Amino acid sequence: MAQDIKIVSVSIPLKLVQELDQVCDHEHRNRSELYREALRQYLKMRRWHALREYSAAKGSAAGTGHIDVEKIIEEIAV
Amino acid sequence: MSTESSTELIAVDTGIWIEGLLYGGPAEELVKMAVSQSIKLMTCESMLLELSQVLQDGLGFSPAGAREVCRFVRDCAIVVKDDEGPASGPFDPRASLLRMSVANGATAIAATEHSRLLRLDQHEEIPIVSIM
């Protein structure tokens, strides 16, 4: 387990740390857990935005409107 | 994903993922809520297969692009096997939405934009709703 974790040091404004500590108290979790969760969410959101950009371009290229989605699924899916 | 039992579980089908990806709107909001762990989304293996197929064959996604979408779905939703719940005829991802909704006793609603499913209104007391 320890081999999968790297300890890093980052600088965070005091006010943000205080706010985070309040959340830690409220949720009975430690700082590391909350930092990890926030990072995971941030990275997932970045992936989603990249996929959205790619997908919107594909949708525009295909000229697909809202009402066509069901039709495409019916035609393509086995 | 959070394992808190109080988080609402919403079964979604292929159309919801495609709506969110292509057009944003309420379907995208569902995905964002799942990322922030406000809700849990559930889909199944046959729908992931269908999603990949529709993205590539119907919308011109590259195989790598479709794979990345499916990886993302696996990371932000619960993906169940299709054999969970009673079999109800031939392979059909739309039937899968109903099966997985019932098989997982905690499903709050089943979200779809599929007109035939929406006409059912509910399935074994699980509301079938449009999010648009």
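Derivation of every value follows stated rules applied to the coordinates shown; laboratory data play no part. Since the structure is predicted, the reported quantities are computational estimates derived from the model, not experimental observations. Positions of Cβ are generated from backbone atoms using ideal geometry, with glycine treated the same way; all protein chains shown enter the neighbour counts.
Taking all pairs of different Cα atoms in the protein assembly as shown, averaging 1/r and flipping that mean, what Kirkwood radius in angstroms comes out?
Details: mean 1/r = 0.0540 Å⁻¹.
Mean inverse Cα-Cα distance, inverted, gives 18.5 Å.
Among B:116-122, B:50-56, how do they line up by average Cβ neighbours within 10 Å per residue, starting with the highest?
Numbers: B:116-122: 12.4, B:50-56: 22.0.
Listed from highest to lowest mean packing, they are B:50-56, B:116-122.
Which ³J(HN,Hα) values, rounded to whole Hz and listed in residue order, are derived for the stretch A:23-36 from phi using the Karplus coefficients 6.51, -1.76 and 1.60 in 6.51 cos²θ - 1.76 cosθ + 1.60 with θ = phi - 60°, glycine and proline given as x?
So the Karplus estimates, Gly and Pro as x, are 5, 4, 4, 5, 9, 6, 10, 8, 4, 4, 4, 5, 4, 4 Hz.
May I ask you to compute the full-extension gain from A:Val8 to A:Glu74, defined as 0.36 nm times their residue separation minus their alpha-carbon distance, rounded to one decimal in nm?
Values: separation 66, 0.36 × 66 = 23.76 nm, distance 4.97 nm.
The span from A:Val8 to A:Glu74 would gain 18.8 nm if fully extended.
Round to a whole angstrom and tell me the spacing of the C-alpha centers of the stretch B:19-49 and the stretch A:9-78.
Result: 10 Å between the Cα centres.
List the residues whose amide H sits under 5 Å from the amide H of B:Asp82, counting only those 5 or more places along or on another chain, with H placed 1.01 Å from N in the peptide plane.
B:Glu45, B:Ser46
How many partner chain Cβ atoms sit within 10 Å of a residue's Cβ in peptide A:42-52, on average, as a whole number?
Numbers: counts 1, 2, 8, 5, 0, 7, 11, 1, 2, 10, 7.
Counting Cβ atoms of other protein chains within 10 Å of each residue's Cβ and averaging gives 5.
Which Rg and Dmax, in Å, describe the Cα atoms of chain B?
Every Cα atom of chain B included, Rg and Dmax give 13.8, 39 Å.
Under a GNM of chain B (C-alpha, springs under 10 Å), which listed residue has the highest mean-square fluctuation: B:Glu45, B:Glu68, B:Glu19?
B:Glu68
For B:His123, enumerate residues with amide H under 5 Å from its amide H, sequence gap 5+ or separate chain, H modeled in the peptide plane.
Sorted by chain and number, the residues that satisfy this are B:Ile128.
Which order do A:Glu70, A:Glu33 fall in if you start with the one that has the fewest other Cβ atoms within 10 Å? Numbers along the way, then the final one.
Numbers: A:Glu70 18, A:Glu33 12.
Placing the least packed residue first, the sequence is A:Glu33, A:Glu70.
Mind jotting down a quarter of the surface of the convex hull over the alpha carbons of chain A, in square nanometres, one decimal? If you can, show how the numbers build up before the last one.
Numbers: hull surface 40.9 nm².
If you wrap the Cα atoms of chain A in a convex hull and average its projections, you get 10.2 nm².
Determine the shielding of peptide A:54-60 by partner chains: average, over its residues, the number of Cβ atoms on other chains within 10 angstrom of each Cβ. Intermediate values should be presented prior to the final figure.
Numbers: counts 6, 12, 4, 2, 9, 7, 1.
Going residue by residue through A:54-60 and averaging, the value is 6.
Treat the count of other C-beta atoms within 10 Å as a stand-in for reagent exposure and order A:Trp48, B:Trp17 from fewest to most. Let's see the in-between values first.
On the way: A:Trp48 21, B:Trp17 27.
Ordered by Cβ neighbours within 10 Å, fewest first: A:Trp48, B:Trp17.
Tabulate in residue order the Karplus-calculated ³J(HN,Hα) for the stretch B:39-56, using 6.51 cos²θ - 1.76 cosθ + 1.60 with θ = phi - 60°, rounded to whole Hz; enter x for Gly and Pro.
Here the 3J(HN,Hα) series is 9, 10, 9, 10, 9, 9, 4, 5, 6, 5, 5, 4, 4, 4, 5, 5, 4, 7 Hz.
Mean 1/r over all different Cα pairs, inverted: what Kirkwood radius does the stretch B:36-86 give, in Å?
That comes to 11.7 Å for the stretch B:36-86.
Quick one: length gained pulling A:Gln18 to A:Met45 fully straight, 0.36 nm per residue minus the C-alpha distance?
Length gained, A:Gln18 through A:Met45: 7.2 nm.
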